[in-house]
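Every read-out reported here was derived from the displayed coordinates using simple, explicitly stated rules and does not represent laboratory data. None of these values were measured; they are calculated from a predicted model. Here Cβ is always computed from backbone atoms with ideal geometry, including for glycine, and neighbour counts include all displayed protein chains.
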2 protein chains.
Amino acid sequence: MSRSLQIVGAGLLGTSVGLALAHAEWSVWIADADESAQRLAGELGAGSAGWSPDDVDLVLLCVPPSSLAQVMAETIRLYPLATISDVLSIKTEPQVQAEKLGCGERFVGGHPMAGRERSGAVAAQADLFDARPWAICASGAAGPERVAVVEQLAIDCGADPMIVEARAHDAAVALVSHLPQVAASAVAGQLIGANPVAMALAGQGLRDTVRIAGSDPALWTEIFIANAGTLAPLVGRLAAELAGLAEALGGGAKADGTGEGRASTDSGRDVDKTIERFLDQGRRGFAQIPGKHGAPATAYTVVPVVIPDEPGALARLFATVAKAGASVEDIDIEHSPGHPVGIVELSVRPDEAAGLVSALDADGWSSH
Amino acid sequence: MSRSLQIVGAGLLGTSVGLALAHAEWSVWIADADESAQRLAGELGAGSAGWSPDDVDLVLLCVPPSSLAQVMAETIRLYPLATISDVLSIKTEPQVQAEKLGCGERFVGGHPMAGRERSGAVAAQADLFDARPWAICASGAAGPERVAVVEQLAIDCGADPMIVEARAHDAAVALVSHLPQVAASAVAGQLIGANPVAMALAGQGLRDTVRIAGSDPALWTEIFIANAGTLAPLVGRLAAELAGLAEALGGGAKADGTGEGRASTDSGRDVDKTIERFLDQGRRGFAQIPGKHGAPATAYTVVPVVIPDEPGALARLFATVAKAGASVEDIDIEHSPGHPVGIVELSVRPDEAAGLVSALDADGWSSH
């Protein structure tokens, strides 16, 4: 069944939706207050540039949180029958907004769990949503046929729709998306003015922990503000946890910096227990994160391979991996300052590791 | 010049050093209080199992922080002339210990920046230290010829020796290694008992941020305790930063959870500024981390490629990459719960991206 879609906002997400639907049964319009962005999206093939002259089945609002209310009001006026959805990282606020503007019964909020550190139509990708969850909030007054049209959009974009209540969604992303962003930014912020010695000793652990600190501060400020009520207590709890750890560490420190002698006292043992409990809690929490394909996290075996930093080396490596028939679940390349040799870490199922290592050995790779 | 080495402790690091020196000009002995570990290390080829009957050029202490003092005292008695080094993650405490035991003039502490989440001789790798920094603390009373023998060891293990003062080292690792461990564990700890909805929405950002939370709590407790004096104020500062953010977010939250109307007030604007300053600081700190080969961090272009989850897919992909002549600086595989298609993100220099994308397109890959 052919459907019509008006995208409002030709940024990364709006343009990517248009591109994703290029070969699907949707007729798509894409509008943006910024005319050059709107034109670019049209040229890229994300839809007809501008506003649809007729009412549409669905209007997808792809604008920043601060513009949502105004754009939603305009949409209600232009398209009196269309279902309205959005792509914001938080879902309670758009729902409340829709009810306030009197379009609660035709609003179904959405949140594709996809994005990039780059933004704008130029960064758009037809496959941005492939295999990603797309949260759909059916918690409003909208009927099932309106939920279904948003679900169809998610499916046609290649995503996995996931029906979730708006407040449950916001609590979830506060924990699994906004809180990690807070922690990454906080740790990265401590690096400003750091000694070059410290930076030279930085390894993959630091790099992974702070990777998302490279994200756009202005956008994330809006997201944090919009989810402030849910996020504030989580950040407060994190701060309290760390303050407790700092106190325990302060109690465990000796003036000479050695800690020596301390471990034999009762208070020393209490400090050890506090710290180990903190770290153990982290390890247990880490184990809660599901692995690939929604399955519970598996303890993969990591096979590290020494690899020269030269063209074709990865191609040769993966030719060997293919011969071994191993399914690589994850890859990491370890960078090493000032050295032309790197380490590629291949994560495979434990039962596949021995065969992979033999195949690597046979082809002359150093894997151990 | 042939040298002799006594390794004490047949764990991951000690055994790996022995393996790394297998083809170098060193005669190596490896001892462990645990006889089966000592035997295994010997069988793996990490050296002659047990204690060298004669004095040696170098004794390398590869024992946990809690055993260092006792093992160092034993070493002094057994080998009256040998240079003594260690591999602990902190460097002030071993130095103080050596001076206390009267062997300050022959102790040169070391810290290879290498490790794995697995431990023990079984996890040892001859190439564990390849291309990794190996911090060497020449801050004690030991003369240059003793520093040189430790430097030679690092080089022969494939590492890049880096001379650094003990307190500077401990301050550095507190910032770039111990603080990220604290943050990762703290965030991961918040996941315990989380709603399955939240876990289903978890993406790569969370996974990267908390990856190192999977590390061994007992070992890290000893490391934290040993560096407590340096780490405590950093954790305290992080806690204060987060408490400030929590307060700002609390001030920015409206009872209805929308934040609406708030941004137009003066206090609302102050909250926005506080949050944006926090995030911007994180982004600037992130930019301080050096990239590959010790060069300043480069903004790589990320080329995402949709890839089926089937054997040989990566081999075909990297065959195309090799044809394009592109040098891949980093790779990420994005997992997507419940979907047989994944996304491989190839990081390349911006000037190589267009050529790579053309080559991928020509070979039928979906890369955009």
The range B:183-220 to the range A:1-65: how many Å between their Cα centroids? 37 Å
Once you keep just the Cα pairs under 8 angstrom separated by 6 or more residues, what percentage relative contact order results for the range A:1-158? 25 percent
For A:Ser48, label point 7 Å along C-beta direction: distances to other copies, nm: 8.7
Reduced Cα scattering model of the range B:99-183, Debye log10 I(q)/I(0), q = 0.16, 0.20 Å⁻¹: -0.73, -1.02
Measuring from label point to label point, each 7 Å out along Cα→Cβ, what is the B:Arg284 to B:Asp55 span in nm? 5.5 nm
Please identify the GluC sites (Glu not before Pro) of the range A:1-108 that satisfy two criteria: DSSP loop assignment and at most 15 other Cβ atoms within 10 Å. Which are they? A:Glu25
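Report the Stokes-Einstein translational diffusion coefficient (µm² s⁻¹, integer) for the range B:34-81, Rh taken as the Kirkwood radius over Cα pairs, at 37 °C with viscosity 0.692 mPa s. Let's see the in-between values first.
Working: Rh = 12.0 Å.
The Stokes-Einstein estimate is 274 µm²/s.
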For chain B, modelled as a Gaussian network with Cα springs under 10 Å, which listed residue fluctuates most, B:Ala171, B:Ala322, B:Ala98? B:Ala322
Could you compute the FRET efficiency for B:Lys100 and B:Ala240, with r as their C-beta to C-beta distance and R0 at 25 Å, rounded to 0.05? 0.10
Kindly rank A:189-201, B:195-207, B:175-187 from highest to lowest mean number of other beta carbons found within 10 Å of each residue. B:175-187, B:195-207, A:189-201
Scoring chain B by relative contact order with C-alpha pairs under 8 Å, at least six apart, yields a percentage of 11 percent
List, shortest first and in nm to one decimal, how far the label point of A:Asp216 (7 Å from Cα along Cα→Cβ) is from its counterparts in the other copies. 4.4
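For n ≥ 4 DSSP H runs only, could you compute -39500 (n - 2.57) per run for the protein assembly as shown, divide by its residues and tell me the 222 nm figure to the nearest 500? Write down the numbers at each step before the final one.
Numbers: 28 runs with 328 residues, N = 736.
Value at 222 nm, helices only: -13500 deg cm²/dmol.
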Percentage of Cα-Cα pair distances in the protein assembly as shown greater than 35 Å, rounded to whole percent? 48 percent
Count the DSSP beta bridges whose two residues both fall in chain A, then state the antiparallel fraction as a percent rounded to the nearest 5. 45 percent
Final fewest-first order of B:Ile7, B:Ile225, B:Ile163, A:Ile223 on the 10 Å Cβ neighbour count is B:Ile163, A:Ile223, B:Ile225, B:Ile7
About its Cα centre, what dipole magnitude does chain A give when the only charges are +1 on Lys and Arg Cβ and -1 on Asp and Glu Cβ, stated in debye to the nearest 20? 500 debye
Restricted to the protein assembly as shown, the DSSP antiparallel beta bridge percent, nearest 5, is 45 percent
What whole-number volume per residue, in cubic angstrom, does the convex hull of the C-alpha atoms of the range B:171-253 give? 118 Å³
For B:Arg237, go 7 angstrom from Cα along the Cα-to-Cβ vector, then report the distances to that same point in the other copies in nm, smallest first. 2.8
Count the lysine pairs in the protein assembly as shown whose Cα atoms sit under 22 Å apart, keeping only pairs 8 or more residues apart in sequence or on different chains. 9
Report the antiparallel proportion of the DSSP beta bridges in the range A:105-192 as a percent, rounded to a multiple of 5. 50 percent
